[in-house]
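The values are calculated or read from the model by the stated rules, or taken from the named source; none is laboratory data. A quick note: this is a predicted structure, and the numbers were derived from the prediction, not measured. Positions of Cβ are backbone-derived with ideal geometry, glycine not excepted, and every protein chain shown enters the neighbour counts.
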Amino acid sequence: MNEIMQNRKKLGINGIGRIGKLTLWQHLNTGHFNCYILNTGRLVGREVEDIINYLTKDSTYGSLDRFLYGYSGKNAEIKIVDREAAIFTVNGIPVKVLSADRNPRDINWAKEGVQLVVECTGIYIDPAAPADQAKGSARGHLEAGAEKVIVSAPFKIADNARKMPSDSAMFVYGVNHDKYDPQVHHVISAASCTTTGLAHMIKPLLETRETAHIVTASMSTVHAATNNQNILDTVPKSGAADLRKTRSVFNNIILTTTGAARALEDILPEIRSVGFMADSVRIPISTSSLIMLNVTFKTTLGETGEPLLNRNLINEIYQKAADGAQKGMVVYSDKQNVSSDLAGYPAAIVIEGVETHTRTGFISVDSRTLIECGVQASCDINIPVTHAKIFGWYDNELGSYVNFLSKLTVYVEKNMP
């Protein structure tokens, strides 16, 4: 091993696509790790300079220099240390790029001295898949020498006959990361960008007496384009169920699905009793997305008949969360934002308070239904419910998701056994 790599706190990153590259940026900025081993799984460009060019420039967020130093004009110092081994330094921090092996179990993390790997390919998301699965598995990183692997996507078990392994769990930093057990959990999911934002929107509602009783809920995310969409229309693959994903990302608003509601149940088990629906609307922008959350609550009326749950109370709940338990994670805004204002913004969710709305209505229960249930009633009963519409912005790449993936990664490393 090159001497510059020795006695360093290392982080392995498998895959240097959108999330992998920005994960490197985030950790270079925060400085918890002081050595990075990146695995591309294939040759990239013609020489090391081509990899450096890719890693230090970004069409959405600008240059690494600008990310680290703003518009000060200061530049990161990048030096090639070992061209043959693809090792370079960023401000003295060594970065080594591996390219020989694609299958996680073949990446020699043990030889590189890597204990913790962030799996960013978006491919290996099944925690139940065995390490020796032919096409690869997240669990393969453990066989290759890592002690922990964090998957930058929600878990999805391909075989319905398999259950979630006991050593696997899904966490969102700031919501349930404190349930991480270093003695038990070895394959970890950081959920998704939408689940991260949604979980931080739901948490303060569940923790407040007036909003804890949720009858039903739904959300739509107006979501920026991602790399699994097509630039131009393409022919659907064999067996493709969603033909809209083959349509041009440049020219269309595309309705599609999201697993955010399902993943939310793992992050906040209390939500399992709620009939939660979720969908996604893809739009042709590069980053920053919007959650439109619709929630119906059981509510009560004041002495004069006014609903006690209203938009002011909802906004107060988020203001309290932003100033208290979720400070730096939930941000309350009374400005009129647009999506570009949130690009790179370091928060899980930014509540657009000016657009919070509530309406209170009544569910009429027929007294005959109550009598059939053994309840004596001489008149129909009107039960008050309040419906709320809440908007939350999140930068689905750097500001929200990668930021909180990185926080979780540092938390796991600090609690390594």
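Which of the residues belonging to the stretch 1-24 are in contact (Cβ under 8 Å) with a residue 40 or more places away in the chain and in a helix (DSSP H, G or I)?
Hits for the stretch 1-24 are Ile4, Met5, Arg18, Ile19, Gly20, Leu22, Thr23, Leu24.
Restricting attention to the stretch 30-53, which residues are in a helix (DSSP H, G or I) and either of a type in the set (Lys, Arg) or more than 14 Å from Lys9 (Cα to Cα) (or both)?
Here is the first cut: in the stretch 30-53, the ones in a helix (DSSP H, G or I) are 30, 48-53.
Within the stretch 30-53, Val48, Glu49, Asp50, Ile51, Ile52, Asn53 meet the criteria.
Could you check Gly392 against (1) at pLDDT below 75; (2) in a strand (DSSP E or B) and say which number it fails?
Going through the list (1) at pLDDT below 75; (2) in a strand (DSSP E or B), Gly392 breaks only (1).
Looking at (1) crowded, with 18+ Cβ neighbours inside 10 Å; (2) closer than 20 Å to Ala153 by Cα; (3) of a type outside the set (Val, Ile, Thr); (4) touching a Phe, Trp or Tyr at 6+ places or on another chain (Cβ under 7 Å), can you tell me which one Ala217 breaks?
(2)
Taking the stretch 174-208, which residues are polar (S, T, N, Q) and in a loop (DSSP other than H, G, I, E, B)?
Filtering the stretch 174-208 for residues polar (S, T, N, Q) gives 176, 183, 189, 192, 194-196, 208.
Matches in the stretch 174-208: Asn176, Gln183, Ser192, Thr208.
Could you please find all residues in the stretch 8-25 being closer than 17 Å to Glu77 by Cα and crowded, with 22+ Cβ neighbours inside 10 Å? Walk me through it before giving the result.
As a first pass, look at the stretch 8-25 and keep what is closer than 17 Å to Glu77 by Cα: 24-25.
Within the stretch 8-25, Leu24 is the sole residue that qualifies.
I need a count of the residues in the stretch 143-167 that are in a strand (DSSP E or B) and modelled with pLDDT under 95. Break it down stepwise before answering.
Applying the first criterion (in a strand (DSSP E or B)) to the stretch 143-167 yields 148-151.
Pick out the ones that are also modelled with pLDDT under 95 and you get none.
Residues in the stretch 143-167 being in a strand (DSSP E or B) and modelled with pLDDT under 95: 0 in total.
Take Gly41 and tell me if it is within 24 Å of Tyr401 (Cα to Cα) and modelled with pLDDT of 95 or more. Give the steps one after another, and end with the answer.
Working: within 24 Å of Tyr401 (Cα to Cα): yes; modelled with pLDDT of 95 or more: no.
Spelling it out, it is not the case that Gly41 is within 24 Å of Tyr401 (Cα to Cα) and modelled with pLDDT of 95 or more.
Select from the stretch 395-417 the residues that are buried (at least 18 other Cβ atoms within 10 Å of the Cβ), of a type in the set (A, V, I, L, M) and part of a loop (DSSP other than H, G, I, E, B) and list them in ascending order.
none
Please state which one of Ala240, Ala278 is outside any strand (DSSP E or B), touching a helix residue (DSSP H, G or I) at 6+ places or on another chain (Cβ under 8 Å) and within 30 Å of Ser168 (Cα to Cα). Write out each step before concluding.
Values: Ala278 fails: outside any strand (DSSP E or B).
Every option except Ala240 fails the conditions.
Just to be sure I understand, how many residues within the stretch 98-116 are in contact with a Ser or Thr (Cβ under 8 Å, 6 or more places away or on another chain) and without any contact (Cβ under 8 Å) to a residue 60 or more places away in the chain?
Total satisfying the criteria: 1.
Being out of contact with any Lys or Arg (no Cβ under 9 Å at 6 or more places or on another chain) and part of a helix (DSSP H, G or I) is the filter here, so list the residues in the stretch 54-63 that pass it. Spell out how you get there, then give the answer.
Quick first cut of the stretch 54-63, residues out of contact with any Lys or Arg (no Cβ under 9 Å at 6 or more places or on another chain) only: 56-57, 59, 61-62.
Residue satisfying the conditions is Thr56 alone.
Say whether the condition of being farther than 21 Å from Thr287 by Cβ, in contact with a strand residue (DSSP E or B) (Cβ under 7 Å, 6 or more places away or on another chain), surrounded by fewer than 16 Cβ atoms within 10 Å (Cβ to Cβ) and modelled with pLDDT of 95 or more is met by at least one residue in the stretch 337-355. I'd like the intermediate steps shown before the answer.
Just the residues of the stretch 337-355 that are farther than 21 Å from Thr287 by Cβ, to begin with: 353-354.
Subsequent filtering for residues that are in contact with a strand residue (DSSP E or B) (Cβ under 7 Å, 6 or more places away or on another chain) retains 353.
With surrounded by fewer than 16 Cβ atoms within 10 Å (Cβ to Cβ) added as a condition, the list becomes none.
So far as the stretch 337-355 goes, no, none of its residues is farther than 21 Å from Thr287 by Cβ, in contact with a strand residue (DSSP E or B) (Cβ under 7 Å, 6 or more places away or on another chain), surrounded by fewer than 16 Cβ atoms within 10 Å (Cβ to Cβ) and modelled with pLDDT of 95 or more.
Picking from Ser59, Ser63, which residue would you name as being over 21 Å from Gln115 (Cα atoms) and in contact with a helix residue (DSSP H, G or I) (Cβ under 9 Å, 6 or more places away or on another chain)?
Values: Ser59 fails: in contact with a helix residue (DSSP H, G or I) (Cβ under 9 Å, 6 or more places away or on another chain).
Criteria check complete, one pass: Ser63.
Assess whether Ile52 counts as being crowded, with 16+ Cβ neighbours inside 10 Å and more than 29 Å from the chain's Cα centre (by Cα).
Values: crowded, with 16+ Cβ neighbours inside 10 Å: yes; more than 29 Å from the chain's Cα centre (by Cα): no.
Answer is no for this residue.
Select, from Leu68, Leu43, the only residue that is loosely packed, with under 13 Cβ neighbours inside 10 Å, of a type outside the set (S, T, N, Q) and in contact (Cβ under 8 Å) with a residue 12 or more places away in the chain.
Details: Leu68 fails: loosely packed, with under 13 Cβ neighbours inside 10 Å.
None of the others qualify; the one that does is Leu43.
Take the residues in the stretch 170-217 that are of a type in the set (Val, Ile, Thr) and out of contact with any strand residue (DSSP E or B) (no Cβ under 9 Å at 6 or more places or on another chain), then tell me which one is nearest to Ile363 (Cα to Cα).
Thr208
Output the qualifying pairs, or none if there are none: Cβ atoms under 8 angstrom, residues six or more apart or on different chains, first residue in the stretch 228-251 and touching a residue at least 24 places away in the same chain (Cβ under 8 Å), second residue assigned to a strand (DSSP E or B).
Correct list of pairs: Gln229/Ile254; Gln229/Arg282; Val249/Asn230; Val249/Arg282.
Looking only at residues in the stretch 289-336 that are part of a strand (DSSP E or B) and of a type in the set (Val, Ile, Thr), which one is surrounded by the fewest Cβ atoms within 10 Å (Cβ to Cβ)? Break it down stepwise before answering.
Here is the first cut: in the stretch 289-336, the ones part of a strand (DSSP E or B) are 289-298, 301, 307, 327, 330-333.
Pick out the ones that are also of a type in the set (Val, Ile, Thr) and you get 291, 295-296, 330-331.
Numbers: Ile291: 24, Val295: 23, Thr296: 20, Val330: 27, Val331: 22.
The qualifying residue surrounded by the fewest Cβ atoms within 10 Å (Cβ to Cβ) is Thr296.
Are any residues in the stretch 151-185 closer than 20 Å to Met416 by Cβ and of a type in the set (D, E, K, R), and if so, which ones?
Selection gives Asp167, Asp178, Lys179, Asp181.
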